[in-house]
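Single-structure report; data block below.
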Amino acid sequence: MTAADRERTDPAAVVDSGDETADEDAADANTEAAGEDSPSTERRARRAFDTERWVGITGVALALVGVGVVLRQPGTVLVGAAAVGYGLYARLGEAEEATLAVTRELSDRTPEPGDEVTVSVRARNVGEEPCVDLRIVDGVPPGLEAVEGPARVATALRPGAEVTFSYAVRASRGEHEWETMRAVTRTPAGARERVTEIETPTRLTCTPELAAGSELPLRGLTTVSHGRVPTDIGGAGVEFYATREYRRGDPLKRVDWNRRARTGELATLELREERAATVVLLIDAREAAYVATEPDADTAVEASVEAAGAAFTALLTGGDRVGIATIGAHDCWLPPGAGTDHAVRGRETLATDPALAPTPSDEQFYRTLWFRQFRRRLPGDAQVLVFSPLVDDYPTSAARQLNAYGHLVTVLSPDVTATATGANGAGDSATTENDCRGDDRATAGGARTTRARSGTPCRGNPRR
Amino acid sequence: MSRMGGRERADRDGRAETDPPERDTRPPTLAVVVSLAAAAVGTLAVIVAAPLGGAVAGLSIVGLAVGSLAGSDRVLSWAAAASVAGIALAAAFGAGPEPLLVAGVALALAWDVADHGLSVGRQVGREARTRRNVAVHAGTTLLTGALSAGVVYGSFVAASGGQPIAALALLLFGGVVLVSAFR
């Protein structure tokens, strides 16, 4: 991006233009300077440009003098002469780089989601020249919502003086890096303007506690270890499964004594074995999945991550091995595992992985490549839980393919169109219809679909 | 699960209520007030000199108010043009140099502060802290105007022992050439 582009697109670089035209093209000095005073502040000065505020002042001065001469009145001549003074004033000096040392302080670097974090910015003029006209625009991360006060200030700073301003942002899940701060300096008359970009690395990490999930309907693809998923295998368990002929060595307490009394035959009760499953939570984080009811509402990806978090804790508590992956341009893969370490890793992945950033990435998503890689990584006995708003065909077709490869798939679709209050209402018929179509499509391929309202990610009965 | 959902919903409702409005890009109040006050002083000075010129210069107050309100540089420039026309008209009716100099300085300040306020409003907004910036800018412009008018008036009083205006104008032309060559 060129300097001119930046100046055009950024609101901080709006050029004031009068109705006069530029009469001169001033020589631009392009000074690149790095901050040597504060190691945490890095400065880049853009080239100064004319604001064209005072263009025509000399013309006005001459016109007034001319009028005075024609009318033989000293008044206008004097006013014209005074206007020449303004012309001189407009040419005075050059907009210098904003020599600022900036520190940014957060009231809490690791807040909970929804917390208000107060950001205090302190900018000190470390240069030798005063900044007579200084406007500072802080680069608030795009994923954070400013809730209090603008992150901007306009002031004047003597050498050594400092300005402090603060604003509040509402923390949301993820790792947020502050962007470039822009400082605009002008000459006293405002005839020249220069933008200085100031980098002060500041980071806010918001790792939500994973919601405790309730039991999650898993399907019958399991590992050999004991767990919680009922299987179609007779053995040790709690639920009646079948009876079979007594074999020597069967435990006495499993013998069906009623039957023995009735018929005289020995029979053994078989109970349904409960085994652990390997589950991979697959979150749809393609650009298409970043849908929301309102521009500043939580996206479907956010709801999916929340639901996946609940599923992650629930499954891990139930003794299953859980992994995390995303459908998206960024690669994200947490192999299935169990234990406390794994729980922490999972929580961090869900909170801060760039693949699940609050705003979509610009990179291109190649579906075939992604699918091949995911298939290669996926353990053979793994079930897949897909979290996707199902706004287009891809997640359903991927789910169908995975299902066909023998990984039993359950699709959980956060219904982002539901308003908070209308969660039990009729809902938007169009979107519900859309969802149902998604259900049907997925179901047709053998996958199971569960629709979830936002806020209650895992509720609802699974449909077969 | 549903319990969690309930808490979430409450959070979201709370957020909806505290949503901040769009950034207010209107010029800071101080800039508008200073600008209008300066324009009023300037207009008053022109009215004292010549009422008809004052009427034209009075249009600049309207122009500055509308320009600040609508955020339009163009309207501000028209207001500046109106003040220049008002001063020229007042001179045509034979106004003395003193009130015209006062009017010139005041109206220049009015336009300058209004235009400055517009750019500050666009870049920083009305809600941010801008008081110091606007005050410093208004101060330097006023100082420049006062100095310039003072020097001009001083030399006028000292030199005008029957000097023809043409000589003064020639002197001034030299000054303008000098300024143009300044950079």
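Is it the case that A:Glu287 is in the same structural domain as A:Thr410 (by TED's automatic domain parsing) and of a type in the set (Asp, Glu)? Here the answer is yes, as A:Glu287 does meet what is asked.
Sub-9 Å Cβ pairs linking a first residue in the range A:290-303 that is more than 9 Å from A:Val416 (Cα to Cα) to a second residue that is at pLDDT 80 or above and loosely packed, with under 14 Cβ neighbours inside 10 Å, at least 6 apart or interchain, are A:Tyr290/A:Thr359, ordered by first then second residue. None of B:Val66, B:Val62, B:Val41, B:Val56 is out of contact with any strand residue (DSSP E or B) (no Cβ under 9 Å at 6 or more places or on another chain) and surrounded by 18 or more Cβ atoms within 10 Å (Cβ to Cβ) except B:Val56. Pairs are defined by a Cβ separation below 9 Å, a sequence spacing of at least 6 or placement on different chains, a first member in the range A:48-67 that is in contact (Cβ under 8 Å) with a residue 40 or more places away in the chain and within 8 Å of chain B (Cβ to nearest Cβ), and a second member that is assigned to a helix (DSSP H, G or I) and not β-branched (Val, Ile, Thr); the pairs so defined are A:Thr51/B:Ser119; A:Arg53/A:Ala90; A:Arg53/B:Asp73; A:Arg53/B:Asp112; A:Arg53/B:Asp115; A:Arg53/B:His116; A:Arg53/B:Ser119. Of the strands (runs of 3 or more DSSP E) lying entirely inside the range A:37-139, those containing at least 3 residues that are of a type in the set (A, V, I, L, M, F, W, C) span A:100-106, A:116-125, A:131-139.
Of the residues making up the range A:338-348, those that are at pLDDT 90 or above and touching a strand residue (DSSP E or B) at 6+ places or on another chain (Cβ under 7 Å) are A:Arg345, A:Gly346. Scanning the range A:157-166 finds no residues that are touching a strand residue (DSSP E or B) at 6+ places or on another chain (Cβ under 9 Å), surrounded by 18 or more Cβ atoms within 10 Å (Cβ to Cβ) and modelled with pLDDT under 90. In this structure, A:Val416 does not qualify as assigned by TED's automatic domain parsing to the domain that holds A:Ala325, β-branched (Val, Ile, Thr), in contact with a helix residue (DSSP H, G or I) (Cβ under 8 Å, 6 or more places away or on another chain) and modelled with pLDDT of 80 or more. Does the range B:119-134 hold any residues that are over 19 Å from A:Arg192 (Cα atoms) and more than 7 Å from chain A (Cβ to nearest Cβ), and which are they? Once the filter is applied, which keeps residues that are over 19 Å from A:Arg192 (Cα atoms) and more than 7 Å from chain A (Cβ to nearest Cβ), the range B:119-134 yields B:Arg126, B:Arg131.
Looking at the range A:310-409, the strands (runs of 3 or more DSSP E) lying wholly inside it that each contain 1 or more residues that are more than 23 Å from A:Thr223 (Cβ to Cβ) sit at A:321-327.
For (1) in contact (Cβ under 8 Å) with a residue 40 or more places away in the chain; (2) part of a helix (DSSP H, G or I); (3) under 18 Å from A:Tyr86 (Cα atoms), each residue gets a yes or a no:
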site	(1), (2), (3)
B:Arg74	no, yes, no
B:Ala80	no, yes, yes
B:Ala90	yes, yes, no
B:Ala106	yes, yes, yes
B:Val120	yes, yes, no
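When both residues are 6+ apart or on different chains and their Cβ atoms are under 7 Å apart, which pairs have a first residue that lies in the range A:361-372 and is among the hydroxyl-bearing types (Ser, Thr, Tyr), and a second that is assigned to a loop (DSSP other than H, G, I, E, B)? Taking only residues 6 or more apart or on different chains, the pairs are A:Ser361/A:Ala329; A:Ser361/A:His330. When we screen A:Ala292, A:Ala211 for residues that are within 14 Å of another protein chain (Cβ to nearest Cβ) and under 17 Å from the mean Cα position of the chain (by Cα), the only hit is A:Ala292.
Do we find a residue being in a loop (DSSP other than H, G, I, E, B) and buried (at least 22 other Cβ atoms within 10 Å of the Cβ) anywhere in the range A:219-229? Yes: one or more hits.
Residue-wise test of (1) under 17 Å from A:Arg53 (Cα atoms); (2) modelled with pLDDT of 90 or more; (3) of a type outside the set (Gly, Ala, Ser).
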residue: B:Ala80; (1), (2), (3): yes, yes, no
residue: B:Ala88; (1), (2), (3): no, yes, no
residue: B:Phe93; (1), (2), (3): no, no, yes
residue: B:Pro99; (1), (2), (3): no, yes, yes
residue: B:Val102; (1), (2), (3): no, yes, yes
residue: B:Ala106; (1), (2), (3): no, yes, no
residue: B:Ala110; (1), (2), (3): yes, yes, no
residue: B:Gly117; (1), (2), (3): yes, yes, no
residue: B:Arg126; (1), (2), (3): no, no, yes
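The values are calculated or read from the model by the stated rules, or taken from the named source; none is laboratory data. The structure presented is a predicted model; accordingly, all values stated were derived computationally and were not measured. Heads up, the Cβs are rebuilt from the backbone with ideal geometry, glycines too, and the neighbour counts pull from every protein chain shown.
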